[in-house]
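Comments concern the structure below.
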Amino acid sequence: MVSVEVRGASKSFGTVKAVNKVSFKVEDGELFFLLGPSGCGKTTLLRLIAGFYKPDEGEVYLGDRLVNDVPPNKRNVGMVFQNYALWPHMTVYDNIVYGLRIKGVPVSQRIERAREILKVVKMEEYASRYPNQLSGGQQQRIALARALVVEPDVLLLDEPLSNLDAKLRLETRDEIKRIQRETKVTSIYVTHDQEEALSMADEVAIMNAGRIEQIGTPQEVHGHPASAFVASFLGNPNIFKGVVQDEEAEGVIALEWEYGGRVYANKGSSSVTKGQSVVCAIRPENITIYDSDPSLKGIYNHLEAKIQNLVYYGVMEQYSLQCAGGAVVKATIFNPSWHQRKVGDMVFLVFKPEDVLIYPA
């Protein structure tokens, strides 16, 4: 196992700067995610680490070794692609030992290492089958086995689950996490799926337009997003504009809402000042819905709204509600009661100041 460190790396294609002065470090044995929307630069960054691209500026280290000028086949990096990239004319066994054969590993060692890795991915009984005789999830496990059998210092995974259906994604996600924990190989995983990243990662880097907006544990990036972009990318929150007004109580500030009226937020560590324009993010799951006007003590945000749409999923209900001034608010209620609300009902929305995330506009 080795660490991976990227220092001030940039990569452009013509006038497009795909990666822009990116720096981060992945520790030995860590499962690290590069998460962001399509076109944010995450796959380009992965290819810089793999050696398929050379950075225009900056440095890439594997352990203490600078690898900017080292070709991919000399980096001892394993790669798993989204399209599996298995040889269709080879059996599972032959696909797995292909890299060992290229490296000149003796036949006896190939057999032993193939047996070991097939056991790790729980595919021992499929060694003689061909890729077209396997499900998508099984093929991805074989692709993972092929990358791991050569004992790479670093494993790179480029959206490996994007071609699988929802059920297989869940199953294969758990398998990848289990296998990474067992092998303890330093791994960097690219995805645009926030659920994948938050459920699997030791650390996550959120990327936007070629830069890293925030790095942290899943709990840190979700619970304390560092920017309006991170807040909007994770969790599909309600986003509104406001202007800072007075301080209502210690640590609680009033915002003039763009739709009229006031919204209260915890100032926290933000350095906003009176009169400053801000962006507010409120997660749907942090909004409580009351059928009648509640009597609450303390400072709460309190809005009357009409239900525009609601969808029942059993374990939760998702609402779209219209408030005064034309604001449309999303709310999610988990474990809904048997009493079913309906479109057109008037309700009251309540959320706490600490659930209003604020960022400079």
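Comparison of 306, 330 shows that the only residue that is in contact with a Ser or Thr (Cβ under 7 Å, 6 or more places away or on another chain), surrounded by 11 or more Cβ atoms within 10 Å (Cβ to Cβ), charged (D, E, K, R) and in a strand (DSSP E or B) is 330. The single residue among 164, 118 that is out of contact with any His (no Cβ under 8 Å at 6 or more places or on another chain), of a type in the set (A, V, I, L, M) and within 20 Å of residue 189 (Cβ to Cβ) turns out to be 164.
Got at least one residue in the stretch 101-115 being over 30 Å from residue 12 (Cβ atoms), of a type outside the set (Gly, Ala, Ser), at pLDDT below 95 and crowded, with 18+ Cβ neighbours inside 10 Å? Checked the stretch 101-115: at least one residue is over 30 Å from residue 12 (Cβ atoms), of a type outside the set (Gly, Ala, Ser), at pLDDT below 95 and crowded, with 18+ Cβ neighbours inside 10 Å.
Under the condition of being touching a strand residue (DSSP E or B) at 6+ places or on another chain (Cβ under 7 Å), crowded, with 20+ Cβ neighbours inside 10 Å and part of a loop (DSSP other than H, G, I, E, B), the residues counted in the stretch 208-236 number 2. Only one entry in 188, 206, 176 is modelled with pLDDT under 95, hydrophobic (A, V, I, L, M, F, W, C) and on the phi < 0 side of the Ramachandran plot, namely 176.
From 27, 5, grab the single residue that is among the charged types (D, E, K, R) and touching a strand residue (DSSP E or B) at 6+ places or on another chain (Cβ under 6 Å). Steps first, please.
Details: 27 fails: touching a strand residue (DSSP E or B) at 6+ places or on another chain (Cβ under 6 Å).
Of the residues listed, the single one that is among the charged types (D, E, K, R) and touching a strand residue (DSSP E or B) at 6+ places or on another chain (Cβ under 6 Å) is 5.
Might you let me know whether the stretch 198-207 holds any residue that is of a type in the set (D, E, K, R), surrounded by fewer than 18 Cβ atoms within 10 Å (Cβ to Cβ) and touching a residue at least 60 places away in the same chain (Cβ under 8 Å)? Yes, the stretch 198-207 has at least one match.
For the stretch 55-100, filtered to residues that are free of Cβ contacts under 8 Å to residues at least 24 places away in the same chain and either in contact with a Cys (Cβ under 9 Å, 6 or more places away or on another chain) or of a type in the set (A, V, I, L, M) (or both), the residue that is surrounded by the fewest Cβ atoms within 10 Å (Cβ to Cβ) is 66. With respect to (1) more than 30 Å from residue 44 (Cβ to Cβ); (2) modelled with pLDDT of 90 or more, the lone exception for residue 218 is condition (1).
For residue 9, the criteria (1) at pLDDT below 95; (2) surrounded by 15 or more Cβ atoms within 10 Å (Cβ to Cβ) hold in every case but one, which is (1). Residues that are buried (at least 20 other Cβ atoms within 10 Å of the Cβ) and in contact with a strand residue (DSSP E or B) (Cβ under 9 Å, 6 or more places away or on another chain) within the stretch 160-177 comprise 160, 161, 176, listed in sequence order. Residue pairs whose Cβ atoms lie under 7 Å apart, sitting 6 or more positions apart in sequence or on different chains, and linking a residue in the stretch 243-259 that is farther than 14 Å from residue 360 by Cα to a partner that is hydrophobic (A, V, I, L, M, F, W, C) and exposed (fewer than 14 other Cβ atoms within 10 Å of the Cβ), are 259/324. Residue 141 fulfils the conditions (1) surrounded by fewer than 20 Cβ atoms within 10 Å (Cβ to Cβ); (2) under 23 Å from residue 103 (Cα atoms) except for a single criterion, (1). Can you confirm whether residue 24 is under 30 Å from residue 236 (Cα atoms) and in contact with a helix residue (DSSP H, G or I) (Cβ under 7 Å, 6 or more places away or on another chain)? Judged against the criteria, residue 24 is not a match.
Residue 272 satisfies every condition listed in (1) among the β-branched types (Val, Ile, Thr); (2) touching a helix residue (DSSP H, G or I) at 6+ places or on another chain (Cβ under 8 Å); (3) part of a loop (DSSP other than H, G, I, E, B) except (2).
Take the residues of the stretch 170-197 that are among the hydrophobic types (A, V, I, L, M, F, W, C) and without any contact (Cβ under 8 Å) to a residue 40 or more places away in the chain: which is farthest from residue 153 (Cα to Cα)?
The residue in question is 170.
Please determine whether any residue of the stretch 339-350 is surrounded by fewer than 13 Cβ atoms within 10 Å (Cβ to Cβ), among the charged types (D, E, K, R) and free of Cβ contacts under 8 Å to residues at least 40 places away in the same chain. Within the stretch 339-350 (the criterion being surrounded by fewer than 13 Cβ atoms within 10 Å (Cβ to Cβ), among the charged types (D, E, K, R) and free of Cβ contacts under 8 Å to residues at least 40 places away in the same chain), the answer is yes, since at least one residue qualifies. Residues that are assigned to a strand (DSSP E or B) and not small (Gly, Ala, Ser) were ranked within the stretch 44-78; the one that is nearest to residue 16 (Cα to Cα) is 57.
The values are calculated or read from the model by the stated rules, or taken from the named source; none is laboratory data. Just so it is clear, the structure is predicted and the values come from calculations on it, not from any experiment. Neighbour counts are summed over all protein chains in view; Cβ atoms, including those assigned to glycine, are modelled from backbone coordinates with ideal geometry.
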